[in-house]
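Working notes, beginning with the structure itself.
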Ligand code: 15L
């Protein structure tokens with residue numbers, strides 16, 4: 001497939017670009033910053049919140065799909081979060097409709113359901129749990145999923161939101177022994193979301209096959225995502241910390257704590 005990757009210069013973008021090319025896909029990069037040194041793919045520098053910049057990319061490239069990773073991966077004010085996650089998603093979907101590009105894969109986040117409490121032992125957080133954001137970041141991710149759902153219903157495109165856990169080379173904390181997404185599994189996940197036949201609107205939890213996982217991997221498996229890595233491999237290297245208990249109580253871990261409580265709007 002020939003795929004536009006937004007946020008291609010970011011941490012996930014760089015791993016994914018190489019991984020998708022290795023798997024035989026053609027990747028076009030799109031980011032606010034120029035291509036990192038050594039990048040050898042077509043590249044567009046611009047902001048995907050800018051509909052004109054997005055339109056110019058789609059006019060220049062013939063595409064089969066979009067992988068939308070761009071967006072600030074952390075807490076911001078509500079308006080900034082809206083632009084970062086919702087406006088960018090809408091701008092890309094509008095261009096996809098205009099150019100008849102059918103497949104959209106989104107870097108959603110566990111923080112869309114971050115306020116979901118950990119269920120009883122042996123039970124999983126499923127994709128049927130209601131949207132329950134833990135931050136304005138999470139609100140932005142929920143709203144971006146809503147825009148995707150609207151475009152699937154209106155225009156019949158296929159859109160998959162991968163609610164990513166903790167994308168790291170290795171897990172760093174006790175929480176991440178449950179929530180880790182390895183680099184290789186990230187590539188497997190996105191390739192499955194790009195190539196699975198006719199998913200319509202779909203959501204999956206983007207984690208590896210972690211022994212301590214408590215988010216449901218079945219929706220991803222139904223789309224062909226078979227994770228291969230397990231954070232448990234690294235467990236002996238992870239020191240416990242006092243905050244581990246609170247971080248284990250909700251999907252969103254540290255994002256549910258009072259440290260993140262703030263007004264929605266910045267005031268000058
Ligand atoms: C995310 O979605 C964030 O982008 C990242 O900063 C981490 O908080 C990660 O989730 C996580 O939950 O570990």
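Each peptide in 102-109, 57-64, 180-187 receives the mean, over its residues, of other Cβ atoms within 10 Å, and ordering these scores from highest gives 102-109, 180-187, 57-64. The long axis of helix 88-99 is offset from the longest Cα principal axis of the chain by roughly 40 degrees.
For the range 2-260, the Cα-based Rg and Dmax, in that order, read 17.4, 52 Å.
For the chain, modelled as a GNM whose springs connect Cα atoms under 10 angstrom apart, the maximal fluctuation among 200, 19, 138 occurs at 200. Both radii were evaluated on the Cα set of the range 113-216; the Rg over Rh quotient, with Rh as the Kirkwood radius, amounts to 0.97. The Cα center of the range 12-48 and the Cα center of the range 161-215 differ in position by 20 Å. What's the FRET efficiency of residue 62 with residue 128 using the Cβ-Cβ distance as r and R₀ = 30 Å, to the nearest 0.05? Once rounded, the FRET efficiency stands at 0.20.
Above 25 Å lies some portion of the pair distances; for the range 156-268, what is it as a whole percent of all C-alpha pairs? Beyond 25 Å sits 32 percent of the P(r) for the range 156-268.
Inter-label distance, residue 249 to residue 78: 2.5 nm, where each label sits 7 Å from its Cα along the C-beta direction.
Once you keep just the Cα pairs under 8 angstrom separated by 6 or more residues, what percentage relative contact order results for the range 2-260?
Details: 535 pairs, mean separation 45.6, N = 259.
About 18 percent, as a whole number.
Across the range 152-213, the relative contact order, built from alpha-carbon pairs under 8 Å that are at least six residues apart, equals 48 percent. Dividing the mean sequence gap of close Cα pairs (under 8 Å, 6+ apart) by how many residues the range 1-63 holds gives a relative contact order of 31 percent.
The angle between the Cα long axis of helix 11-22 and the main principal axis of the chain comes to about 60°, on a 0 to 90 degree scale. The angle separating the long axis of helix 183-195 from the principal Cα axis of greatest extent in the chain is about 50 degrees. When the chain is treated as a Gaussian network with alpha carbon springs shorter than 10 Å, the biggest mean-square fluctuation among 114, 46, 206 belongs to 46. Summarised in one figure, the compactness ratio Rg/Rh of the range 68-157, Cα atoms and Kirkwood Rh, is 1.03.
So between residue 98 and residue 23, what do we pick up on full extension, going 0.36 nm a residue minus the alpha carbon distance?
On the way: separation 75, 0.36 × 75 = 27.00 nm, distance 2.81 nm.
The residue 98-residue 23 span can extend by a further 24.2 nm.
Output the peptides 50-56, 10-16, 31-37 sorted from most to least packed, where packing is the average of other Cβ atoms within 10 Å over each peptide's residues. Could you put the intermediate results ahead of the total?
Numbers: 50-56: 15.9, 10-16: 20.7, 31-37: 14.1.
Final packing ranking: 10-16, 50-56, 31-37.
Suppose we keep just the DSSP beta bridges with both residues in the chain; what percent of those would be antiparallel, to 5?
Numbers: 1 of 33 bridges.
Of those bridges, close to 5 percent are antiparallel.
Only the coordinates and a few stated rules stand behind these numbers; no lab work does. Because the structure is predicted, anything quoted here is derived from the model rather than measured. Heads up, the Cβs are rebuilt from the backbone with ideal geometry, glycines too, and the neighbour counts pull from every protein chain shown.
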